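Peer 1: Just passing along the structure, written as structure tokens.
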Amino acid sequence: MSDTAIVWFRRDLRLADNPALDHARQRHEQVVPLFVFDPDTEAPWEPGAAGRWWLHRSLAELDQRLRGRGSRLVLAAGDPLEAIERVRKVCGAGAVYWNRVYEQRPVERDRSIKRELRERGLEVASFNASLLCEPWAGVKSDGDPYLVFTPFWKQMQKRWQPPAHHPEPRELEAPARWPASLELDRLGLLPDHEWPGKLSDYWSPGELGARRRLDDFADQAARYHEQRDRPDREGTSRLSPHLHWGEISPGQIVRALEPSGELPGGRGRMIFASELAWREFSHHLLWFFPRMPDESLKPAFRDFPWREPEDYGPDLVAWQRGRTGIPMVDAGMRELWATGWMHNRVRMIVASFLTKNLLVPWQEGARWFWDTLVDADLASNTQGWQWTAGCGADAAPYFRVFNPVLQGEKFDPRGDYVRRWCPELARRDAKNIHQPIDGGSSHYPGPIVDLKATRRRALEAWDAIRS
């Protein structure tokens, strides 16, 4: 066995609870951490602008933490196999380890690389670092995938095993020779506008930021069920970007909520555990239906009479910029543009408005979220949009059209959320703040559509494909 192993980091940007890193450290004297930026393989779902900003910051922290343990992060771009081979020749590595990702094209790439490296005589192994239950493991007794969340979650609970723990290394022995590494800026991850400065006001990417976020949430998780639907309050975990980039694992989250390793007790903690299970369900679906990011899971919706781009183009831009004249929708879209994140309840509201009131294809919304969300995750983003549009597995019925006025009155009753993101409406009283302004003003636009009329239009479109 070679004394040196390469650990290929991907969406597992942490030192604690990292099975590939732990395996390498236990079996080899020297470990070479490697990250390869490979957007071509992930195209057309390479990281969007917000995700790339997050990745830049997370890689910087990971390198800093590695240097504190006597190591460093080697950066490369392009073909991962070529990068691994260059590193191997310099440091004499005889093994390569990584943690798995589950999207179709990266999976095909990883299988090819694993075969090639083994043919060259290297030891190769991959591990699960990002899910409680890998997609192919949580199937029905007949081997078919689940298409409804509730039975999927029930079987997860029946088969529950405490997640394995992999301790964080205190030190990592460096190789005799370090291979060349790109400067982080050479990866070109930062967008060339003012957005990075804005996002820095709201987020602390990296493993340490993830731990602080989890510590804060663990103290209030018991009340999660009371707070999670209120965008005017700090009631959600905001762990999703840290989870996507692997700065924290679902196992670490579950252990923080229930140190014994059992499923979390109490209503709030258990509901949050079910949210983690929804994330697992999304990956389960994407594994078995890899065309899900582009095609509706329900075949009838592939013939849905969406409006044409030349017709909906101006409305799409108004939605993206938070200028629809519907206060709750505009508040959500402005929050997204300012922070790279949006409250989950508001995500459903703005998605319903786009797909049902505006009759814009859900793929347009999914693409915009992909580029602007710091937590853009292909499985979760796709599943969320298909669920709201009514065309996915276990989806909301198509005829369920969220009324953004009623939703605002229920979940932002004092209008604090709208006032924060739509300051033009700050002087309106709570009774009227969620109502569109007839005719608009120079400061806030009038509604671009009539909610009742467009709801009827959406239901007529649904009846057309149903019949």
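The values are calculated or read from the model by the stated rules, or taken from the named source; none is laboratory data. Not measured: the values here are computed from a predicted model. When we count neighbours, we look across all protein chains shown, and the Cβ atoms used for this are built from the backbone with ideal geometry, even at glycine.
Peer 1: Within the stretch 36-51, can you find the residues that are surrounded by fewer than 20 Cβ atoms within 10 Å (Cβ to Cβ) and part of a strand (DSSP E or B)?
Peer 2: none
Peer 1: Here's a follow-up. Kindly establish whether residue 182 is under 30 Å from residue 49 (Cα atoms), in contact (Cβ under 8 Å) with a residue 24 or more places away in the chain and of a type outside the set (Phe, Trp, Tyr).
Peer 2: Details: under 30 Å from residue 49 (Cα atoms): yes; in contact (Cβ under 8 Å) with a residue 24 or more places away in the chain: yes; of a type outside the set (Phe, Trp, Tyr): yes.
Yes: the conditions hold for residue 182.
Peer 1: With respect to residue 118, determine if the residue is within 23 Å of the chain's Cα centre (by Cα) and assigned to a helix (DSSP H, G or I).
Peer 2: Values: within 23 Å of the chain's Cα centre (by Cα): no; assigned to a helix (DSSP H, G or I): yes.
No, not satisfied.
Peer 1: Then there is this: Given the conditions (1) in a loop (DSSP other than H, G, I, E, B); (2) under 26 Å from residue 145 (Cβ atoms); (3) among the small types (Gly, Ala, Ser), report the number of the one that residue 237 does not fulfil.
Peer 2: (2)
Peer 1: Hey, among 258, 280, 234, which residue is free of Cβ contacts under 8 Å to residues at least 24 places away in the same chain and closer than 26 Å to residue 48 by Cβ? Please lay out each step first, then the result.
Peer 2: Numbers: 258 fails: closer than 26 Å to residue 48 by Cβ; 280 fails: free of Cβ contacts under 8 Å to residues at least 24 places away in the same chain.
Just a single option satisfies the conditions, and that option is 234.
Peer 1: Could you check how many residues of the stretch 415-431 are outside any helix (DSSP H, G or I) and surrounded by 12 or more Cβ atoms within 10 Å (Cβ to Cβ)? Explain how you work it out, then say what you get.
Peer 2: Step one: list which residues in the stretch 415-431 are outside any helix (DSSP H, G or I), which gives 415, 422, 426-431.
From what is left, the residues that are surrounded by 12 or more Cβ atoms within 10 Å (Cβ to Cβ) are 415, 422, 428, 430.
The total comes to 4.
Peer 1: Give just the number: which of (1) surrounded by fewer than 22 Cβ atoms within 10 Å (Cβ to Cβ); (2) modelled with pLDDT under 95 does residue 212 not satisfy?
Peer 2: Result: residue 212 fails condition (2) only.
The rows are residues; the columns are (1) under 27 Å from residue 378 (Cβ atoms); (2) in contact with a strand residue (DSSP E or B) (Cβ under 6 Å, 6 or more places away or on another chain); (3) not assigned by TED's automatic domain parsing to the domain that holds residue 68.
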residue	(1), (2), (3)
113	yes, no, no
117	yes, yes, no
140	yes, no, yes
153	yes, no, yes
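Peer 1: Still on this structure, please answer the following. Among the numbered criteria (1) outside any loop (DSSP other than H, G, I, E, B); (2) surrounded by fewer than 23 Cβ atoms within 10 Å (Cβ to Cβ); (3) under 23 Å from the mean Cα position of the chain (by Cα), which single criterion is violated by residue 58?
Peer 2: All conditions pass for residue 58, except number (2).
Peer 1: Can you give me the ranges of the helices (runs of 4 or more DSSP H) entirely in the stretch 313-385 with at least 3 residues that are under 21 Å from residue 297 (Cβ atoms)? Break it down stepwise before answering.
Peer 2: Working: elements: 327-339, 344-352, 362-372.
Ranges flagged: 344-352, 362-372.
Peer 1: For the stretch 61-105, what are the residues that are assigned to a helix (DSSP H, G or I), in contact (Cβ under 8 Å) with a residue 40 or more places away in the chain, under 26 Å from the mean Cα position of the chain (by Cα) and over 12 Å from residue 8 (Cβ atoms)?
Peer 2: 61, 62, 63, 65, 66, 104, 105
Peer 1: If we keep just the residues of the stretch 249-307 that are outside any loop (DSSP other than H, G, I, E, B) and hydroxyl-bearing (Ser, Thr, Tyr), which is nearest to residue 143 (Cα to Cα)?
Peer 2: Our first condition is that a residue be outside any loop (DSSP other than H, G, I, E, B); within the stretch 249-307, this holds for 250-257, 267-288, 299-303.
This time we only want the ones that are hydroxyl-bearing (Ser, Thr, Tyr), so: 274, 282.
Working: 274: 23, 282: 17 Å.
It comes out as 282.
Peer 1: If you don't mind, another one. Return the total of residues in the stretch 66-84 being crowded, with 19+ Cβ neighbours inside 10 Å and not hydroxyl-bearing (Ser, Thr, Tyr). Please lay out each step first, then the result.
Peer 2: Taking the stretch 66-84 as the starting set, the residues that turn out to be crowded, with 19+ Cβ neighbours inside 10 Å are 66, 71, 73-76, 80, 83-84.
Within this subset, residues satisfying the condition of being not hydroxyl-bearing (Ser, Thr, Tyr) are 66, 73-76, 80, 83-84.
Residues meeting the conditions: 8.
Peer 1: Shifting gears a bit: Would you check which residues across the stretch 442-466 are modelled with pLDDT under 95, surrounded by fewer than 16 Cβ atoms within 10 Å (Cβ to Cβ) and either part of a helix (DSSP H, G or I) or of a type in the set (Ser, Thr, Tyr) (or both) and list them?
Peer 2: Those that are modelled with pLDDT under 95, surrounded by fewer than 16 Cβ atoms within 10 Å (Cβ to Cβ) and either part of a helix (DSSP H, G or I) or of a type in the set (Ser, Thr, Tyr) (or both): 442, 459, 460, 463, 464, 466.
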